[in-house]
1. Specify the angular offset, from 0 to 90 degrees and rounded to the nearest 10, of the alpha carbon long axis of helix B:187-215 from the longest principal axis of the alpha carbons in chain B.
2. In square angstrom and rounded to 100, what buried accessible area do you get between chains A and C, total over both, with the probe at 1.4 Å?
3. Could you tell me how many degrees, from 0 to 90 and to the nearest 10, lie between the Cα long axis of helix A:124-137 and the main elongation axis, the longest principal axis, of the Cα atoms of chain A?
4. I need the calculated FRET efficiency for the pair C:Ala46 and C:Gln210, taking r as the beta carbon distance and R₀ as 22 Å, to the nearest 0.05.
5. Along Cα→Cβ, 7 Å out, is where each label goes; now give me the distance between the ones at B:Met270 and B:Ser177 in nm to one decimal.
6. Do any of A:Lys120/A:Lys224; A:Lys224/C:Lys127; C:Lys14/C:Lys90; C:Lys214/C:Lys245; A:Lys121/A:Lys205; A:Lys205/C:Lys14 go past 19 Å between their Cα atoms, and which?
7. Could you identify which residue out of A:Ser138, A:Ser95, A:Ser291 has the top mean-square fluctuation in a GNM of chain A using Cα springs shorter than 10 Å?
8. At 1.4 Å probe size, with the rest of the protein present, what percent of the exposed accessible area of region C:149-307 is carbon and sulfur atoms?
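The values are calculated or read from the model by the stated rules, or taken from the named source; none is laboratory data. Owing to the predicted nature of the structure, the values given are computational and were not obtained by experimental measurement. Cβ atoms come from the backbone with ideal geometry, glycine included; neighbour counts cover every protein chain shown. Keep in mind that these areas ignore ligands, DNA and RNA; they rest on the heavy atoms of the full protein, side chains included. Shrake-Rupley method; radii C 1.70, N 1.55, O 1.52, S 1.80 Å.
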Amino acid sequence: MKSVRMVTLLVAICLISFLLVKNSPIDPIQAYIGADMLKVGPEQREKIAEYWGLDEPVIVQFFNWGSAVLAGDLGTSMIYRQPVIEVIGERFFNSLALMLSAWLLSGVVGFVMGVVAAMKKGTWIDRIIKWYCFTLASTPTFWMGLLVLMVFAVWLGWFPIGMGVPAGVLAEDVTLMDRIQHLILPVLTLSILGVANVALHTRQKLIDVMASDYVLFARARGEKGFVLFWRHGLRNVALPAITLQFAAFSELFGGAVLAEQVFSYPGLGQATVEAGLRGDVPLLLGLVIFSTIFVFVGNLLADLSYRVLDPRTREVRK
Amino acid sequence: MIKKFPLNRKQRTLVKIIISIIFLVTVILGGVLLDEDKIVTNLSERNSAPSLEHLFGTDWLGRDMFTRTVMGLSLSIGVGLIGAIGSASIALLLGMAAATMGKMADRIISWVIDLFLSVPHLVTLILIAFTLGGGFKGIVIGLTLTHWPSLARVIRAEVMQIRSAEFVQVSQKMGKSRWWIAVHHILPHIVPQLLIGFMLLFPHVILHEAAVTFLGLGLSPHEPAIGIILSESMKYLSSGMWWLAFFPGLCLLIVVRTFDQIGENLRVLMDPTRNHD
Amino acid sequence: MSILEVENLSVSFKSYTDGFKEINHKVISSLSVALEAGEILAVVGASGSGKSLLAHAILGILPSNASISGSIKYKDEELTAARLATLRGKELALVPQSVNFLDPLMRVGSQVRTAANGGDAVSAQRKVFERYHLGKEVENMYPFQLSGGMARRTLLSTAMVSGAKVIIADEPTPGLDPVVIKEALSNFREFADNGCAVMLITHDIESALQIADKIAVFYAGTTVEIASVKDFVGKGEAIRHPYTKALWRALPQNEFIPIPGSQPHPSSLPSGCLFAPRCEMATPECEQAQPEMRELRDGMVRCIHAT
């Protein structure tokens, strides 16, 4: 049932995106040829149009494109002059490193913050954490990126300013350390902002748990403080927090787009912006599909984590 | 505690809301009324750090950053307002439709909501901006189309709840028309939710506008938008001109936070039972 | 000598009306009961009369917006917060109402083991489970998998395994079939016969009469009568308070006459006798002041007219 829904959604997204980009005022041929446009005559133009299938009705074009996509061919990126699938694959690896690190870091730190705030509810530390989270929720990601860049790269000079790898170094000479060094600031930016959601959610959830009947009973049995949290609090708030983190893949992707742009980090986000700015239709479509699948995978993992971790759904199936 | 202010919680919340609104109106008016002369190119005063004369410093063309920032905020609030009104309208329409027009409509609308939640917002915005060729129209339509789903869900749930309430059931039995019930019973009850939802939408809309503009797919570079200011500032970061990015972003943060606070305070005011924290 | 003595206990809650006005609700007022070793005391009252809060007050687990006054003594010594912290779960144990009081994500065996004090928790838990006819598979179950009777016995096991001297059982019978009720009650009796004390908080006067030694009748946040079970015979002539009489008469096997009216809400308590508005015997005098608890025929009553 769920998979059927996902398939219909995916197909609809493909169709809508396709129709949208086809109606764009940006001339795909000009986008492809770029600055050499003046040198191209009308005949050549037509040839290119024919080559790309641009002279056929839109719906036919969609089916041509759609069947190619099903066969694993997303077309060729106009700006990178490389198959879209390769561009995405290469950049996904970079983005994955960025998103996964930020996801883990913000998840763990946010969870701990939420727990501390809830256990110390009403105290100054709770107020500070709450204030911090609400403020972060209002903070533009790219501005936070700029701040981080100013402080750590420009002012302190600890990190390079942007680029996924050092400029002027051959690809095979780039070491893992180089990559990690370029990864730290974007990860830091995304993590600083990413904690807010998990922290606030965990805080609320733990407050509810601490007010629950079973915690009351545990207190009646003499449990208190850390033991109480460890035995009953943790297991009851961890699951919703994990689910929430998985379900936040969409925001994670959005954050990555902005962070990659600020730090000139060669990931999917930067490719999306480039594709949008320079009219690279095949790449843009490929990225829309890819980001959708990415979000779906997040939701699927959220569902799955519930099924595997929650005994109320796990034991029933047995 | 010493009773300095003889105000109860309700009044305190109201005062907070009023102060926030006054602040926002000042910003909007400031953007409209500020002297345009301050942002003409003035090469004798370029690249100066913040001072009493130029609170936020000046840029590489000698333009006063404070004036540019206020104008940018004013523009952001304007764009945010249009986007949020559009989004809230869609949410109201679809939320009501899902709750009142039968199972099929409900299913279709929930599918559409899923559709919009399946693609990361920013990607959708880029796609729409690309289709409409960027600029004001693209960003406003994009913002309108991407921010309604969560509010639509809230409204749907709210309407469902009211519909099953006793007084509505009675009206139905008395033979009142659907329209009559919708206007007399349902609308008055969802107005508070709608208002709160609208205020809480606002910050997201503004942030997304600034983000897309920053990426170069939103408002045109000739507009005095915050996104433009910040993206321009990137070129000058390495030369140590921190004020170009710092103040405009901070002000955007404050404006967004203010909207968020108004929304939260409205919630406290209208729905006190949920505020036991 | 009483093992547990509650004297003049009052509990009130701070809350907000309309979300903004601060109001103090007094849910328990000047309540006094005493519990002897080897005895079962049933605190009987209608649902929603704040009986559970009595249990929570004794164990010191009231929510933070509650304030409490009066004195609670355990073994003739004041139960201060510090003393409670050392006794809770060791000498004083709670048997809560329902399965909701078990952690939904923890196997019940482990939960019972956490209640054990010292020694081999696993074997202690298994022994108690065996005694209460809980099969070996039960310890690996989660609370949602338990039947009503199993949940009840599991909750009871937590108290047994702790080796507590005083058990406070909150509504242990609702929703159970008669066989299970009987079994649960006999478990309490057995416990008391071993020299411990049980406070049974319930709205079910019938089951209470079956096993309790004394009945404390709870009305609108306070006790109106403390009587021996033996007083509940015939038409209830030996019963002291009009409310208790009415409760007795309302039983199906007696006259089956329901009491008209309903209990006052904690926010609008009458100024005089709390039961006066519903009492047949009420006179203008009753509305003057709340009557004190007084001794009468080997029991206690809070009524100026009782004889």
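1. Relative to chain B, helix B:187-215 is tipped by roughly 30 degrees.
2. Values: alone 18440 and 14490 Å², together 30780 Å².
The buried area between A and C, both sides summed, comes to about 2200 Å².
3. The two axes meet at around 10 degrees.
4. 0.70
5. Result: 2.7 nm between the two label points.
6. Details: A:Lys120/A:Lys224 13 Å; A:Lys224/C:Lys127 26 Å; C:Lys14/C:Lys90 31 Å; C:Lys214/C:Lys245 15 Å; A:Lys121/A:Lys205 12 Å; A:Lys205/C:Lys14 23 Å.
The answer is A:Lys224/C:Lys127; C:Lys14/C:Lys90; A:Lys205/C:Lys14.
7. A:Ser138
8. Numbers: 3750 of 6860 Å².
Reported share for carbon and sulfur atoms: 55 percent.
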